[in-house]
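Laboratory data are not the source of any read-out in this text; all were calculated from the coordinates shown. All values derive from a computational prediction rather than experimental measurement. All Cβ positions, even for glycine, are placed from backbone atoms using ideal geometry, and neighbour counts span all protein chains on display.
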Amino acid sequence: MAAPSNLAVRLATAAVCVPLILLLLYRGPAWGFYALVAPAAVIGTWELFAMTHPGDRVAQYIGAFLGAVASLAVYFGGHDPRVLVTILVALPVLGLLATLTRLGTIETAALRAFAMGFGPLWVAVPLTLLALMRKDMEHDGASYVVMTMMFAWWGDTGGYFAGRFLGKRKLYEAVSPKKTVEGAIGGLGGSVLGALCAHFWYLPSIPLAHAVPLSLVAGALGQAGDLGESLVKRSTGVKDSGQIVPGHGGILDRVDALIVASAVVFLYVQWIR
């Protein structure tokens, strides 16, 4: 019997996971969604350090622990400026100090030090912002989270099909050889479709004049986030960040665009909404 295609596995995984996420968002308590986000944030952070700190399990666990601390601080203390400033100041310092205790090869020490200080801010914090929106925005919180996911994942889907059937011109071959300009345009189309669904279906409170530009910004920067993770993988010689999600690789492979889209939508909510 032939093995199922990667696309078939992806679709099967989505068919199982998406209804569970929606059920938890709309029917479950706010802390229940965070109980889903927090492990994803920690595992994604650990996957990052598995790439930047290969063979150093102690450093990987230190990085995952810092990711967990950052996530908990943002979720439970996100409204206290002192907590946020402490996270922003302490993590880079701790990243350097942790590297001094795990020096390893001196040629890669600077890379590892900055990865340790920046990694939790890149992975764990933006994912936690999704749970923070769900908790703080009452009835619209779940819908804003869904819209953010659609910006990232529908953009990824649009990019996949547009690139597969129409892709000719390379987008950024040195970082991601398979990505094309046509795929990037298709990805933006998928993000805009997500904005239209949000406005006309489940989130009518967001004006169309806001939803579409927001989707373009979140979609474009989300694609940049995807390229950023590809840069890390390519520079460390890794194909996938992990194998925890069937058909999708690791957690970080699945949320690389969502990380940036989450930050964009959260900032929109804070400054414009």
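Looking only at residues of the range 202-246 that are outside any helix (DSSP H, G or I) and of a type in the set (Gly, Ala, Ser), we find that the one that is farthest from the chain's Cα centre (by Cα) is SER205. Screening THR101 against (1) without any contact (Cβ under 8 Å) to a residue 24 or more places away in the chain; (2) surrounded by 13 or more Cβ atoms within 10 Å (Cβ to Cβ); (3) not hydrophobic (A, V, I, L, M, F, W, C) leaves a single unmet condition, (2).
Residues that are within 22 Å of SER262 (Cβ to Cβ) and outside any helix (DSSP H, G or I) do occur in the range 24-31. The sole residue among MET150, MET133 that is buried (at least 21 other Cβ atoms within 10 Å of the Cβ), free of Cβ contacts under 8 Å to residues at least 60 places away in the same chain and either farther than 24 Å from ASP226 by Cα or within 17 Å of the chain's Cα centre (by Cα) (or both) is MET150.
Return the only residue of SER241, SER205 being touching an Asp or Glu at 6+ places or on another chain (Cβ under 7 Å), surrounded by fewer than 20 Cβ atoms within 10 Å (Cβ to Cβ) and either closer than 24 Å to LEU36 by Cβ or in contact (Cβ under 8 Å) with a residue 24 or more places away in the chain (or both).
Details: SER241 fails: surrounded by fewer than 20 Cβ atoms within 10 Å (Cβ to Cβ).
Selected residue: SER205, the only one of SER241, SER205 that is touching an Asp or Glu at 6+ places or on another chain (Cβ under 7 Å), surrounded by fewer than 20 Cβ atoms within 10 Å (Cβ to Cβ) and either closer than 24 Å to LEU36 by Cβ or in contact (Cβ under 8 Å) with a residue 24 or more places away in the chain (or both).
Does VAL89 fit the bill of being touching an Asp or Glu at 6+ places or on another chain (Cβ under 9 Å), in a helix (DSSP H, G or I) and among the β-branched types (Val, Ile, Thr)? Criteria not met by VAL89. In the set TYR61, TYR75, only one residue is part of a helix (DSSP H, G or I) and either over 20 Å from the mean Cα position of the chain (by Cα) or loosely packed, with under 14 Cβ neighbours inside 10 Å (or both); that residue is TYR61.
If the condition is being touching a residue at least 40 places away in the same chain (Cβ under 8 Å) and touching a Gly at 6+ places or on another chain (Cβ under 7 Å), then the range 153-170 contributes TRP154, GLY155, ASP156, GLY159.
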